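Participant: First the structure, which I've put down as structure tokens, then a few questions once you've had a look.
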Amino acid sequence: KAGVTQTPRYLIKTRGQQVTLSCSPISGHRSVSWYQQTPGQGLQFLFEYFSETQRNKGNFPGRFSGRQFSNSRSEMNVSTLELGDSALYLCASSLEILDNSPLHFGNGTRLTVT
Amino acid sequence: KNEVEQSPQNLTAQEGEFITINCSYSVGISALHWLQQHPGGGIVSLFMLSSGKKKHGRLIATINIQEKHSSLHITASHPRDSAVYICAVTNYGGATNKLIFGTGTLLAVQP
């Protein structure tokens, strides 16, 4: 079974631009969650999608948004990029909602904002 | 005070030693996860616990719900165990910060 796939692996953007990251979950998994990892703040929860609905959202500004498609693939969008958005963005898929299922992580997208 | 605290932050061990990493939390949880992250970023889920004890190979994870504490043990440690170990809790009933992470324990196992 293929693992969680995140694209692209690396991305360089300029301050003020927007970016879209993609996550394809393991086949059959219905929950996709997104995380930001920085040296200063560590890992932080962004949001969780289950059956195309956002179930939970972390403490991030509205510039961070996401969606989930009917095939469970998910995208995350960051608008009006700031230098502080430079981070490793990870997604994880699970069979059911976050409360009930182990997580399977992708390898991440490393975003650099200049 | 962080809602999930790990100790120690850094740990150096000799090959073959028994290792313990601790995690304490202050919120109500649905489950607790132990994760392993190697340099380069990839994260692997080692355990998901809601009670008791789980064992996988040389790894053992325990949780005490009453004391809000979990431990990850590595028996007969090996240099390939060198990684960052992260404790995370699924926040019961939380609509925000659904998954809360500890700051991680950097483990180096020397041959």
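The values are calculated or read from the model by the stated rules, or taken from the named source; none is laboratory data. Given the structure is predicted, the values throughout are model-derived calculations rather than measurements. Methodologically, a virtual Cβ is constructed for each residue, glycine included, from the backbone with ideal geometry; neighbour enumeration extends over all protein chains shown.
Participant: Taking the range B:39-74, which residues are modelled with pLDDT of 95 or more and touching a Lys or Arg at 6+ places or on another chain (Cβ under 8 Å)?
Facilitator: B:Phe47, B:Ile60, B:Ala61, B:Thr62, B:Ile63, B:Ile74
Participant: Considering only the range A:57-74, state which residues are outside any strand (DSSP E or B), small (Gly, Ala, Ser), surrounded by fewer than 19 Cβ atoms within 10 Å (Cβ to Cβ) and touching a residue at least 12 places away in the same chain (Cβ under 8 Å).
Facilitator: Of all residues in the range A:57-74, those outside any strand (DSSP E or B) come to A:58-63, A:69-73.
Next cut, small (Gly, Ala, Ser) only: A:58, A:62, A:70, A:72.
Adding the requirement that they be surrounded by fewer than 19 Cβ atoms within 10 Å (Cβ to Cβ) leaves A:62, A:70.
Once the filter is applied, which keeps residues that are outside any strand (DSSP E or B), small (Gly, Ala, Ser), surrounded by fewer than 19 Cβ atoms within 10 Å (Cβ to Cβ) and touching a residue at least 12 places away in the same chain (Cβ under 8 Å), the range A:57-74 yields only A:Ser70.
Participant: Cβ-Cβ below 6 Å, separation at least six or inter-chain, first residue in the range B:6-28 and farther than 13 Å from B:Leu107 by Cα, second part of a strand (DSSP E or B): which pairs?
Facilitator: Once the first residue is farther than 13 Å from B:Leu107 by Cα and sits in the range B:6-28, its partners that are part of a strand (DSSP E or B) give B:Cys23/B:Gln6; B:Cys23/B:Ser70; B:Cys23/B:Cys87; B:Ser24/B:Glu5; B:Ser24/B:His69; B:Tyr25/B:Val4; B:Tyr25/B:Val89; B:Val27/B:Asn91.
Participant: What about A:Leu83, is it more than 19 Å from A:Thr7 (Cα to Cα) and either surrounded by fewer than 21 Cβ atoms within 10 Å (Cβ to Cβ) or not charged (D, E, K, R) (or both)? If you could, list the steps in order and put the result at the bottom.
Facilitator: Numbers: more than 19 Å from A:Thr7 (Cα to Cα): yes; either surrounded by fewer than 21 Cβ atoms within 10 Å (Cβ to Cβ) or not charged (D, E, K, R) (or both): yes.
So A:Leu83 passes the test.
Participant: If I go through the range B:79-111 residue by residue, how many of them are more than 9 Å from chain A (Cβ to nearest Cβ), assigned to a loop (DSSP other than H, G, I, E, B) and closer than 19 Å to B:Gly42 by Cα?
Facilitator: 1
Participant: Against the conditions (1) surrounded by fewer than 17 Cβ atoms within 10 Å (Cβ to Cβ); (2) among the hydrophobic types (A, V, I, L, M, F, W, C); (3) within 12 Å of chain A (Cβ to nearest Cβ), where does B:Trp34 fall short? Just the number, please.
Facilitator: Checking B:Trp34 against (1) surrounded by fewer than 17 Cβ atoms within 10 Å (Cβ to Cβ); (2) among the hydrophobic types (A, V, I, L, M, F, W, C); (3) within 12 Å of chain A (Cβ to nearest Cβ), the one that fails is (1).
Conditions (1) modelled with pLDDT of 95 or more; (2) basic (Lys, Arg); (3) crowded, with 19+ Cβ neighbours inside 10 Å; (4) part of a loop (DSSP other than H, G, I, E, B), marked per residue:
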{"position": "A:Gly3", "(1), (2), (3), (4)": "no, no, no, yes"}
{"position": "A:Thr20", "(1), (2), (3), (4)": "yes, no, no, no"}
{"position": "A:Trp34", "(1), (2), (3), (4)": "yes, no, yes, no"}
{"position": "A:Arg55", "(1), (2), (3), (4)": "no, yes, no, no"}
{"position": "A:Cys91", "(1), (2), (3), (4)": "yes, no, yes, no"}
{"position": "A:Asp99", "(1), (2), (3), (4)": "no, no, yes, yes"}
{"position": "A:Pro102", "(1), (2), (3), (4)": "no, no, no, yes"}
{"position": "A:Thr112", "(1), (2), (3), (4)": "yes, no, no, no"}
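Participant: Go through the range A:17-60 residue by residue and tally those that are within 11 Å of chain B (Cβ to nearest Cβ) and among the hydroxyl-bearing types (Ser, Thr, Tyr).
Facilitator: Looking only at that region, the number is 3.
Participant: Here's another thing I want to ask about it. From (1) under 21 Å from A:Ser93 (Cα atoms); (2) touching a residue at least 12 places away in the same chain (Cβ under 8 Å); (3) not acidic (Asp, Glu), pick out the condition that doesn't hold for B:Ser51.
Facilitator: So B:Ser51 meets the others, but not (1).
Participant: Can you tell me which residues in the range B:46-78 are in a strand (DSSP E or B), touching a strand residue (DSSP E or B) at 6+ places or on another chain (Cβ under 7 Å) and among the basic types (Lys, Arg)?
Facilitator: Answer for the range B:46-78, where residues must be in a strand (DSSP E or B), touching a strand residue (DSSP E or B) at 6+ places or on another chain (Cβ under 7 Å) and among the basic types (Lys, Arg): B:Lys53, B:Lys54.
Participant: Only one of A:Arg73, A:Arg67, A:Arg63 is away from chain B (no Cβ under 13 Å) and touching a helix residue (DSSP H, G or I) at 6+ places or on another chain (Cβ under 9 Å). Can you tell me which? Don't jump to the end; show me each part of the working.
Facilitator: On the way: A:Arg73 fails: touching a helix residue (DSSP H, G or I) at 6+ places or on another chain (Cβ under 9 Å); A:Arg67 fails: touching a helix residue (DSSP H, G or I) at 6+ places or on another chain (Cβ under 9 Å).
The conditions single out A:Arg63.
Participant: Looking at the range B:37-51, which of the residues that are under 14 Å from the mean Cα position of the chain (by Cα), surrounded by fewer than 19 Cβ atoms within 10 Å (Cβ to Cβ) and polar (S, T, N, Q) is nearest to the other protein chains (Cβ to nearest Cβ)?
Facilitator: If we take residues in the range B:37-51 being under 14 Å from the mean Cα position of the chain (by Cα), surrounded by fewer than 19 Cβ atoms within 10 Å (Cβ to Cβ) and polar (S, T, N, Q), then B:Ser45 is nearest to the other protein chains (Cβ to nearest Cβ).
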